[in-house]
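Trainee: Following this message is one structure expressed as structure tokens.
All of the numbers you see were taken from the coordinates with simple rules; none came from a lab. These numbers were taken from a predicted model, which means no experiment stands behind them. Here the Cβ is made from the backbone with ideal geometry for all residues, glycine too, and neighbour counts use every protein chain on show.
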Amino acid sequence: MTSSPTPLWGPMEFAENGPVRLAFDRLTEGQDGEPLLLATGLGANRRWIPDGLCRTLAAQGFAVARYDQRDGGDSTHLPPTAARNPIKALLTRDTEAYTAEDMVDDTIAVMRALGWTSMHLLGVSLGGAVAQRVALRHPERIRSLTTMSAVPGDVAGLRTFRYIRLGTLAKFSRLKFPDTREGAVDAGVAVSRELASPNRPFDEAAAREAAERNADSGIHDAQAQSRQIGAQWHGPRISAVDRPTLVLHGADDPLIKPGAARAIASRIRGSRLMLLPEVGHELPEHVWDTVGAELRRHADAAREHAI
């Protein structure tokens, strides 16, 4: 009798921040490593971060966990607000369903539910902005900060548009899909195509296979995205971040300009910037080893700095 293989991810668990429940899970490989929490992007559930990258991070000595932001994935979804799409939410300041501080405290609630007292934190896209704010609001909990494909965590409203490619944003606003599993799959393929580097051939078959495995309706849930992006930050500027910081960004990002990464790196003292060639607003396989090695180097430097 053969035993069934060990699942790659442990069972889904929940952390609580007031009335909000945050879904998370742990990679079963490398759980004796250093704690590393992954925060995902606008509307996207935690499964958008490729398993292959997570396994690469585990091989580099990290105990990897991931979670769904509020209004994403299996976490609590909040009631609708007046802003029905992300563009309107950026332009209107009086429609927020919750604050950016609430989303920061969600991250800490997940950390505590994992049984960690501190952690390395990697945030991608919206998760990168959240991660910067965690380092401001709870610096004692952050061993190292890595922000990827993100805007500065203290920008809001019209100021955000200087970092965003409005043509891509307009394309996203025109994408319409039915609220069905098939619609989520088609949306996943369309979003993956728009976010990929234009300097690599787009593998539609692979994108469709990935979307079939993870039919995430959140990537075309404009109202949920508007609540996430409309959450206002009331804390200090990112120049006050004093945790070791690595700034990663796709050199070909079609959504958020690499200038956003340069702005973050210029404003956080001692941070290190790395632009990733032939990478868009995505995490393609050819960059996994590089990201894993850079996070290992970053974590080691942070530990030496702390001694």
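Trainee: Out of residues 5 or more away from ILE142 or on other chains, whose amide H comes under 5 Å of its own, with H placed 1.01 Å from N in the peptide plane?
Mentor: Long-range HN contacts for ILE142: MET119.
Trainee: Turning to a different aspect of this structure: Of (1) 22.3; (2) 20.3; (3) 19.3, which one was derived for Kirkwood radius over Cα pairs in Å from the structure shown?
Mentor: From the options (1) 22.3; (2) 20.3; (3) 19.3, the structure gives (3).
Trainee: I would also like to ask the following. Using θ = phi - 60° and the Karplus relation 6.51 cos²θ - 1.76 cosθ + 1.60, list the HN-Hα couplings for region 258-266 in order, rounded to whole Hz, with x at every Gly or Pro.
Mentor: x, x, 5, 5, 5, 5, 4, 5, 6
Trainee: Oh, and also: Under 19 Å Cα to Cα from LYS88, which lysines show up? Leave out anything in the same chain fewer than 8 places away.
Mentor: LYS171, LYS176
Trainee: Among GLY43, GLY183, GLY250, whose mean-square fluctuation peaks in a Gaussian network model of the chain (Cα, cutoff 10 Å)?
Mentor: Looking only at GLY43, GLY183, GLY250, the biggest GNM fluctuation is shown by GLY183.
Trainee: Going highest first, how would you order 55-62, 15-22 by mean Cβ packing within 10 Å?
Mentor: Output ranking for 55-62, 15-22: 55-62, 15-22.
Trainee: Over the chain, what relative contact order in percent results from Cα pairs under 8 Å that are six or more residues apart?
Mentor: 21 percent.
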